[in-house]
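Participant: Can you read through this structure? Questions will come right after.
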Amino acid sequence: MESEIIGLVVALLLWVAWAMITERRQRRLEELGRLPPGPRWWPVVGNIFQLGWSPHESFAKLAHKHGPIMTLWLGSMSTVVISSNEVARDMFKNHDVVLAGRKIYEAMKGDYGNEGSLITAQYGPHWRMLRRLCTSEFFVTSRLDATGGIRSRCIDRMVQFIEDAGGSGTGAVDVGRFFFLMAFNLIGNLMFSKDLLDIKSERGAKFFYHAGKVMELAGKPNVADFLPILRWLDPQRIRRKTQFHVKRAFEIAGGFIKERREMFTAGTDTTTSTLEWAMAELLHNPKTQHKVQAELRSVIGPNQKLGEKDIENLPYLKAVIKETLRLHPPLPFLVPHMAMNSCNMLGYYIPKETQILVNVWAIGRDPATWKDPLVFKPERFLESNMEVDYRGHHFEFIPFGSGRRMCPAIPLASRVLPVALGSLLHSFDWVLADGLKPEDMDMSERMGITLRKAVPLKAIPIPYKGHQTQVS
Ligand code: HEM
């Protein structure tokens with residue numbers, strides 16, 4: 001007990017000393033007058049209290065006042081937030097290499113932490129080797145073509161499980177849960193040629209619980225990230241709790257996924273979030289749901305299965321996916337970048353080790369670019385003057401990022417997202433559970449590793465007459 005008190009006193013003294021040093025540094029940099037502008041900050045805590053529960057929204061509001069390139073101090077961590085397509089273009093076109101580092105948060109550290117992972121590796125020879133391996137082993141067209149059967153089987157199973165769980169149109173299902181397990185098994189199959197989780201088992205439910213906890217904890221604002229002197233204390237116990245749930249999840253799924261954990265982290269929650277939001281927007285906008293179903297059912301016969309080869313003939317379905325990614329990018333700040341060296345951007349000084357957050361959520365809702373930005377309107381992507389895609393060249397729409405660190409899995413996601421969503425819309429008609437009306441749906445967001453729907457989507461699948469699923 002006595003030693004704990006001494007420890008806390010020492011920590012407090014160190015913290016005060018640290019605060020004084022960092023405050024002097026902050027003021028010195030500000031006096032140079034070269035940092036991007038930003039809101040006033042408080043000693044020690046900086047702008048932490050302006051983060052709120054939805055930092056992407058808070059930062060978008062602050063950007064209206066302080067501009068599309070803005071400095072914030074999260075404790076002693078200098079952060080630059082980019083909120084317009086013009087500034088994003090400058091970042092990725094002119095400063096891509098120097099800003100290709102990664103800011104590593106406390107929750108990612110520990111026994112099951114970031115070492116060796118492609119997502120969190122610092123830019124350099126090791127990252128390049130991992131990236132080359134990843135693009136040539138998993139996401140190259142020949143390999144994707146060869147593994148189409150695996151994806152089709154995982155999606156068919158999901159449809160079958162939903163049909164069983166929905167009791168032929170009498171029961172509601174938690175849609176996100178099925179998407180999550182489909183995405184997890186899909187990645188497991190691509191890498192280990194086997195299903196890692198049985199969707200119906202107790203093991204599956206436990207895994208879902210622990211994985212959900214990891215996602216939630218990793219997105220929580222952590223004082224230890226903002227005040228490095230407190231790292232060893234782990235005051236909110238976020239690192240310890242995260243490690244606990246990660247360990248349990250690995251134990252359940254099999255220790256071997258540890259080797260490829262970054263693929264699971266990067267691939268499962270992003271896919272789940274996008275698909276759950278797409279279904280939620282369609283249930284919220286029944287006319288759009290009927291329109292996409294009409295397209296699907298005119299192209300695919302009632303007893304036929306939707307396959308990857310059909311995607312090109314389904315422009316409206318593809319537009320639904322794009323519109324979902326515009327309004328609900330699963331990673332609203334991309335994966336945080338870091339300046340590996342100091343640099344000058346648009347006349348401003350960006351100090352070494354500054355965290356760079358690109359607010360793609362705000363960019364996707366910018367009224368200067370998008371007409372009726374808050375309305376879910378897939379048609380906008382079909383207008384001839386809106387031939388915008390998400391491959392990193394149209395900076396008004398970069399849900400996968402751009403430049404060297406952009407998502408390497410776009411070729412995979414472009415196949416899985418439309419086929420998974422389309423299969424559910426082709427196989428079932430959907431109504432909201434508990435007689436909820438579309439206009440009464442709660443569409444609020446919850447920030448974890450990804451931006452998920454705060455209230456999980458519950459909907460009743462009614463099998464579409466004449467359609468039969470064949471599970472191989
Ligand atoms: C809806 C689907 C997805 C979206 C929207 C998405 C988005 C992103 C974004 C925004 C980044 C960070 C880009 C940056 O920091 O500049 C990223 C990185 C990454 N993604 Fe994805 N992703 C998706 C699916 C996947 C899947 C299915 C996988 C793997 C199976 C995957 C693997 C990765 C990896 C390994 C990285 C790190 C790349 C690096 O740091 O070099 N992603 N993704």
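The values are calculated or read from the model by the stated rules, or taken from the named source; none is laboratory data. Note that the coordinates shown come from a computational prediction; the quantities given were computed from them, not determined experimentally. Using ideal geometry, Cβ is built from the backbone for each residue, glycine included, and neighbour counts are taken over all protein chains shown. Just so you know, the surface numbers come from the protein's heavy atoms only, side chains and all, with ligands and any DNA or RNA stripped out. Shrake-Rupley method; radii C 1.70, N 1.55, O 1.52, S 1.80 Å.
Participant: Just to check your reading of the model, which residue among 381, 333 is in contact with a helix residue (DSSP H, G or I) (Cβ under 6 Å, 6 or more places away or on another chain) and touching a residue at least 12 places away in the same chain (Cβ under 8 Å)?
Facilitator: 381
Participant: Can you tell me how many residues within segment 131-145 are part of a helix (DSSP H, G or I) and either within 12 Å of the ligand (Cβ to nearest atom) or of a type in the set (Gly, Ala, Ser) (or both)?
Facilitator: Residues in segment 131-145 being part of a helix (DSSP H, G or I) and either within 12 Å of the ligand (Cβ to nearest atom) or of a type in the set (Gly, Ala, Ser) (or both): 9 in total.
Participant: Now, a different point. For segment 197-227, enumerate the residues that are β-branched (Val, Ile, Thr) and either at pLDDT 75 or above or within 29 Å of residue 48 (Cβ to Cβ) (or both).
Facilitator: Within segment 197-227, 214, 223 meet the criteria.
Participant: I've got another one for you. Being open to solvent by less than 60 Å² (accessible area, probe 1.4 Å), part of a loop (DSSP other than H, G, I, E, B) and either at pLDDT 95 or above or among the basic types (Lys, Arg) (or both), is that true of even one residue in segment 74-92?
Facilitator: Scanning segment 74-92, I find at least one residue that is open to solvent by less than 60 Å² (accessible area, probe 1.4 Å), part of a loop (DSSP other than H, G, I, E, B) and either at pLDDT 95 or above or among the basic types (Lys, Arg) (or both), so the answer is yes.
Participant: If you take the residues of segment 336-378 that are of a type in the set (Val, Ile, Thr) and touching a helix residue (DSSP H, G or I) at 6+ places or on another chain (Cβ under 6 Å), which of them is nearest to residue 123 (Cα to Cα)?
Facilitator: Out of the qualifying residues, it is 358.
Participant: Could I ask something else about it? Tell me, which residue of segment 237-267 that is among the polar types (S, T, N, Q) and modelled with pLDDT of 80 or more is nearest to the ligand (Cβ to nearest atom)?
Facilitator: 242
Participant: (1) in contact (Cβ under 8 Å) with a residue 24 or more places away in the chain; (2) away from the ligand (no atom under 16 Å from the Cβ); (3) part of a helix (DSSP H, G or I); (4) out of contact with any Ser or Thr (no Cβ under 8 Å at 6 or more places or on another chain): which one isn't true of residue 298, the others all being true?
Facilitator: (1)
Participant: Name the single residue that is farthest from residue 155 (Cα to Cα) among those in segment 396-418 being more than 8 Å from the ligand (Cβ to nearest atom) and open to solvent by 10 Å² or more (accessible area, probe 1.4 Å).
Facilitator: Here the residue is 396.
Participant: Determine, yes or no, whether residue 446 is among the basic types (Lys, Arg) and within 16 Å of the ligand (Cβ to nearest atom).
Facilitator: When the stated conditions are applied, residue 446 does not pass them.
Participant: Only one of these is acidic (Asp, Glu), on the phi < 0 side of the Ramachandran plot and at pLDDT 95 or above: 396, 383. Name it.
Facilitator: Sole residue among the options that is acidic (Asp, Glu), on the phi < 0 side of the Ramachandran plot and at pLDDT 95 or above: 396.
Per-residue answers, yes or no, for (1) of a type in the set (A, V, I, L, M); (2) touching a helix residue (DSSP H, G or I) at 6+ places or on another chain (Cβ under 9 Å); (3) under 23 Å from residue 202 (Cα atoms); (4) open to solvent by 20 Å² or more (accessible area, probe 1.4 Å):
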residue: 146; (1), (2), (3), (4): yes, no, no, yes
residue: 150; (1), (2), (3), (4): yes, yes, no, yes
residue: 157; (1), (2), (3), (4): no, yes, yes, yes
residue: 161; (1), (2), (3), (4): no, yes, yes, yes
residue: 165; (1), (2), (3), (4): yes, yes, yes, yes
residue: 177; (1), (2), (3), (4): no, yes, yes, yes
residue: 184; (1), (2), (3), (4): no, yes, yes, no
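Participant: OK, next. Taking segment 363-380, which residues are open to solvent by 30 Å² or more (accessible area, probe 1.4 Å) and at negative phi?
Facilitator: 365, 366, 367, 368, 369, 371, 374, 375, 377, 379
Participant: Pairs under 8 Å by beta carbon, first residue over 17 Å from residue 88 (Cβ atoms) in segment 339-358, partner within 16 Å of the ligand (Cβ to nearest atom) and among the polar types (S, T, N, Q), six or more apart or different chains?
Facilitator: 340/122
Participant: On the basis of being within 20 Å of the chain's Cα centre (by Cα), open to solvent by 30 Å² or more (accessible area, probe 1.4 Å) and more than 16 Å from the ligand (Cβ to nearest atom), does residue 331 make the cut?
Facilitator: no
Participant: Still on this structure, I have one more. Scan segment 268-295 for residues that are open to solvent by 50 Å² or more (accessible area, probe 1.4 Å) and either under 24 Å from the mean Cα position of the chain (by Cα) or within 10 Å of the ligand (Cβ to nearest atom) (or both) and jot them down.
Facilitator: 284
Participant: Can you say whether residue 428 is among the aromatic types (Phe, Trp, Tyr), within 16 Å of the ligand (Cβ to nearest atom) and surrounded by 22 or more Cβ atoms within 10 Å (Cβ to Cβ), as far as the supplied structure shows?
Facilitator: no
Participant: From (1) touching an Asp or Glu at 6+ places or on another chain (Cβ under 9 Å); (2) within 16 Å of the ligand (Cβ to nearest atom), pick out the condition that doesn't hold for residue 370.
Facilitator: Among (1) touching an Asp or Glu at 6+ places or on another chain (Cβ under 9 Å); (2) within 16 Å of the ligand (Cβ to nearest atom), residue 370 violates only (2).
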